[in-house]
Amino acid sequence: MTTVLITGAAGFVGSHLVDALLQDSTISIAGLLHPSQPVQYFRERERLTVYRQDILDSAGLTEMIRQVSPDVVYHLAGMAHVHESWTSRRATIETNFMGTFHLLEACRALPVFPKVLLIGSGECYGVVPEKEQPIDESRPLAPASPYAVSKIAQEMLGIQYGRAEGLPVFISRSFNHTGPRQKETFVCSAFAMQIARAENGLSNPEIHVGNLTARRDFSDVRDVVNAYLTLIQNGRPGEPYNVCSGIAVSIQEILDILLSHSTKKFHVVTDPEKFRPVDMPLLLGNPEKVQTEAGWKPRFELSQTLLDLLNYWRARVA
């Protein structure tokens, strides 16, 4: 039996990763949750054990990892919201950087260092001229938010462990992804929630929006999970891999697709609070490296992803 530790297992991506791994009867999962986080999308059962642990508690984390003794670790725990990082700078940097440091050091204390996947971000590339996109992994990093700073610091740790120390630490640079279970603080989910609430008579038929002209590279969360599984199997330690679709769509297009799945008429309201202090007109990744070296291919079309997201919110607010 292979033991897999997932930090942040109750979150958006973590819960989908749990679903995928439980399809393999030879895998047992240790799901790490922050003590204050509810178990939202799964229940503890055979081959899935929930552990409550703050990754900033070095001693507690080390003891928990000693007990679990994982063969593979997917490190998904952390603060993941770019906009909120501007008002939670210290917490973002401490959680994403020091939490990762504590995790890697706890793994170093094991008799055998497990395979570890660190989840980085396409936000690390910063504002890149459109003529120089799509962006590949050779692009210099230029953070445009506290969140991006924290993710670059996390990645540098992974490169040190993977390249300099020869340990099996793998690195993704994940671009935007969405799908069922995403928090309403993220743009696609915010739109879907507002539509579902209005359809159910719980709010006025209004959609509050920020910058609709920004273009982003969106993937389905289930494709992203598959990319993470593939990287652990086929990736090279210490090497960053873009996890992205290679297709840019505007936030306006996202909104239009979601509205096309509803028969209700909506009024769009611009909300200045939803604009970032520093925004990128375009963030588009090149997925060639992860596709060629690791053999990953996405399966979901964006329209299907957004419909599944909307139906998730319809079921939740009904």
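The values are calculated or read from the model by the stated rules, or taken from the named source; none is laboratory data. Quantities reported herein were computed from a predicted structural model and do not represent experimental measurements. Cβ placement follows ideal geometry from the backbone for every residue including glycine, while neighbour counts extend to all protein chains displayed.
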Residue count, region 162-184 (criterion: of a type in the set (S, T, N, Q) and at positive phi): 0
Residue identified as farther than 19 Å from V243 by Cβ and assigned to a loop (DSSP other than H, G, I, E, B) among T49, T87: T87
Residue list for region 1-23, filter: closer than 23 Å to V243 by Cβ, touching a residue at least 12 places away in the same chain (Cβ under 8 Å) and in a loop (DSSP other than H, G, I, E, B): G8, A9, A10, G11, L22
Residue within region 101-109 that is within 21 Å of the chain's Cα centre (by Cα), assigned by TED's automatic domain parsing to the domain that holds I55 and of a type in the set (A, V, I, L, M) present: yes
Every residue from region 180-211 that is more than 14 Å from L255 (Cα to Cα) and either crowded, with 22+ Cβ neighbours inside 10 Å or under 13 Å from the mean Cα position of the chain (by Cα) (or both): P180, R181, Q182, K183
Which listed residue, of S150, S138, S88, is surrounded by 18 or more Cβ atoms within 10 Å (Cβ to Cβ), over 21 Å from V225 (Cα atoms) and among the polar types (S, T, N, Q): S150
Among the candidates L307, L258, L283, L302, residue that is surrounded by 13 or more Cβ atoms within 10 Å (Cβ to Cβ) and without any contact (Cβ under 8 Å) to a residue 60 or more places away in the chain: L307
Residue list for region 151-203, restricted to those being modelled with pLDDT of 95 or more, closer than 18 Å to Y41 by Cβ and of a type in the set (A, V, I, L, M, F, W, C): C188, A192, M193, A196
Conditions (1) in contact with a helix residue (DSSP H, G or I) (Cβ under 8 Å, 6 or more places away or on another chain); (2) assigned by TED's automatic domain parsing to the domain that holds L118; number of the one not met by I232: (1)
Selected residue [surrounded by fewer than 22 Cβ atoms within 10 Å (Cβ to Cβ), touching a residue at least 24 places away in the same chain (Cβ under 8 Å) and either within 29 Å of I29 (Cβ to Cβ) or touching a Lys or Arg at 6+ places or on another chain (Cβ under 7 Å) (or both)] from P168, P240: P168
